[in-house]
1. Does LEU59 satisfy the criteria of being exposed (fewer than 12 other Cβ atoms within 10 Å of the Cβ), outside any strand (DSSP E or B) and more than 27 Å from the chain's Cα centre (by Cα)?
2. Does ALA74 satisfy the criteria of being more than 24 Å from PRO109 (Cβ to Cβ), among the hydrophobic types (A, V, I, L, M, F, W, C) and not in a helix (DSSP H, G or I)?
3. Scanning the range 161-172 for residues that are more than 27 Å from the chain's Cα centre (by Cα) and not β-branched (Val, Ile, Thr), which turns out surrounded by the most Cβ atoms within 10 Å (Cβ to Cβ)?
4. Just checking, which of THR140, THR121, THR171, THR103 is under 30 Å from PHE66 (Cβ atoms) and either without any contact (Cβ under 8 Å) to a residue 60 or more places away in the chain or of a type in the set (A, V, I, L, M, F, W, C) (or both)?
5. Condition first: modelled with pLDDT of 85 or more and either charged (D, E, K, R) or at positive phi (or both). Now tell me which residues in the range 140-152 satisfy that.
6. Pairs under 8 Å by beta carbon, first residue under 14 Å from TRP106 (Cβ atoms) in the range 27-47, partner of a type in the set (D, E, K, R) and crowded, with 16+ Cβ neighbours inside 10 Å, six or more apart or different chains?
7. Please indicate, with yes or no, whether at least one residue in the range 90-101 is over 30 Å from ALA74 (Cβ atoms) and either among the acidic types (Asp, Glu) or modelled with pLDDT of 80 or more (or both).
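The values are calculated or read from the model by the stated rules, or taken from the named source; none is laboratory data. Treat the numbers as computed from the prediction; the structure is a model and nothing was measured. Positions of Cβ are backbone-derived with ideal geometry, glycine not excepted, and every protein chain shown enters the neighbour counts.
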Amino acid sequence: MATAVPVRITNRTLKLVPALCLFLASLAILVFALYPMYVIRPFREQRPAALERALWVLLHDKALSFIAASLVTALALLLWRRAGWIAKLLLVPAIGLAVLAATSTWINPFEHMFHPLGEPTYLAADKAAIDANDMVIAVTLGGESRAYPIREMGYHHVVNDRLHGLPIVVTY
C-alpha cells in the first residue's frame with residue numbers, strides 16, 4: 001500500500017513560480033515568432049491550413065511579440081527585487097528570449113538565403129547533371145529553349161535571363 005508523502009511549499013518555492021512562468025511565457029513568444037519560418041520552408045509541402053496560420057502570424061507577429069516582450073520584461077523587472085538568485089537565473093533568460101523573439105520578427109532568413117540568379121550558365125542537355133526524375137521549369141521562346149532545374153531554383157526562386165534576345169524572369 002502506498003503512503004502519501006506531504007509536500008512542503010516554502011516561501012522560496014513560491015518566489016520561484018512567477019519567474020518560471022515568465023521563462024515559459026518567453027519560450028512561447030519565441031515559438032510564436034518562429035512558427036512562420038518553420039512552416040514556410042523550401043522543399044517541404046505546405047498544407048493550406050498551416051500556411052494560412054503562418055501568414056496570419058506574419059501579419060501580426062511584430063506587434064504581438066513586441067507587446068508580449070515588453071510585458072515579460074516589465075514583469076521580470078518588477079519581480080527582480082523580491083526574487084532570489086535562482087529566480088533571477090530564470091528572469092534573465094526570460095527577458096533575453098522575449099527580446100530575441102520580438103527582434104526575430106523583423107528578420108526574414110529567406111530573404112538572405114534566396115537571391116536572384118543573374119547571368120546563368122548553360123550546358124547541353126546531355127552534359128547537364130540532371131537526373132531523369134528531376135523536375136525543371138522549361139521555357140521556349142522563338143524556337144530557343146531553356147530548362148531551369150527546380151533543385152537549383154529552390155535556392156534562388158528567381159532567375160534573370162535573356163531568351164531569344166528578350167529579357168525574361170523565371171520564378172519558382
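1. On the way: exposed (fewer than 12 other Cβ atoms within 10 Å of the Cβ): yes; outside any strand (DSSP E or B): yes; more than 27 Å from the chain's Cα centre (by Cα): no.
Considered against the rule, which asks whether it is exposed (fewer than 12 other Cβ atoms within 10 Å of the Cβ), outside any strand (DSSP E or B) and more than 27 Å from the chain's Cα centre (by Cα), LEU59 comes out as no.
2. On the way: more than 24 Å from PRO109 (Cβ to Cβ): yes; among the hydrophobic types (A, V, I, L, M, F, W, C): yes; not in a helix (DSSP H, G or I): no.
Answer is no for this residue.
3. Out of the qualifying residues, it is ASP161.
4. Values: THR140 fails: under 30 Å from PHE66 (Cβ atoms); THR121 fails: under 30 Å from PHE66 (Cβ atoms); THR171 fails: under 30 Å from PHE66 (Cβ atoms).
Exactly one residue qualifies, and that residue is THR103.
5. Within the range 140-152, GLY142, GLY143, GLU144, ARG146 meet the criteria.
6. Final answer for the pair search is ALA33/ASP61; PRO36/ASP61.
7. First pass over the range 90-101, keeping only residues over 30 Å from ALA74 (Cβ atoms): none.
No - not one qualifying residue is present in the range 90-101.
Here is a yes/no grid of residues against (1) at pLDDT below 95; (2) within 23 Å of the chain's Cα centre (by Cα); (3) surrounded by fewer than 11 Cβ atoms within 10 Å (Cβ to Cβ); (4) within 30 Å of THR171 (Cα to Cα):
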residue	(1), (2), (3), (4)
PHE43	yes, yes, yes, yes
GLN46	yes, yes, no, yes
LEU55	yes, yes, no, yes
ALA68	no, yes, no, no
LYS88	yes, no, no, no
SER104	yes, yes, no, yes
GLU111	yes, yes, yes, yes
ASP131	yes, no, yes, yes
ALA138	yes, no, yes, yes
